[in-house]
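Heads up: the structure comes next, in structure tokens.
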């Protein structure tokens, strides 16, 4: 990407329901990035059509990727920068969102081991950056002190980092359950600022 080109940003909303706070946060981020000159593509998990039955693993017979999963891969390849927005359920991302990662972040696309028995691998999505916004009922400070922020560590290190995407900002907004409108508006403003920074 040259300095004269607009940054290409792929936004993926990992909430399995429509019209969530995650959608609203993504809307603000997207609007700011577009206003700053970025080219943006977006997919919402709630609109994706694919088979999310139990994944059989990478060594067995793989299910053929449905069009939405192929499109998701294309968007990941196309993007210079990725935003992932999702809710924090049972210490992790929603199961259907995890199914997309299981099905689409495949060897040969996202990573490649250097040999049949090697524990070293090539990161095939290297050179990209990423932001993550997580919503939770658990207050972020309690999540850090009591649970050691597992959701943030997994998405940063074992998903994005594993395939070569460098995390820039990983933020957690909560508690959603107790948040007053002014607090939520503050989170939306923060998402707007993140979108501006992503486009810079």
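Since every read-out is calculated from the coordinates, none of them should be taken as a lab result. This is a predicted model, so every value here is computed, not measured. All Cβ positions, even for glycine, are placed from backbone atoms using ideal geometry, and neighbour counts span all protein chains on display.
The table for this structure:
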{"read-out": "Principal-axis tilt of helix 67-78 within the chain, Cα atoms, nearest 10 degrees", "value": "80"}
{"read-out": "Kirkwood hydrodynamic radius of the chain, Cα pairs, Å", "value": "17.5"}
{"read-out": "For the chain, built as a Gaussian network whose Cα springs stay under 10 Å, the top-fluctuating residue of 154, 85, 132", "value": "154"}
{"read-out": "Descending Cα extents along the principal axes, the stretch 26-135, whole Å", "value": "47, 30, 29"}
{"read-out": "Rg/Rg_globular for the stretch 88-200, with Rg_globular taken as 2.2 N^0.38 Å and Rg from C-alpha atoms", "value": "1.22"}
{"read-out": "Separation of the residue 53 and residue 188 label points, Cα + 7 Å toward Cβ, nm", "value": "4.2"}
{"read-out": "Hydrodynamic radius (Kirkwood) for the stretch 113-152, which is based on Cα pairs only, to one decimal in Å", "value": "13.4"}
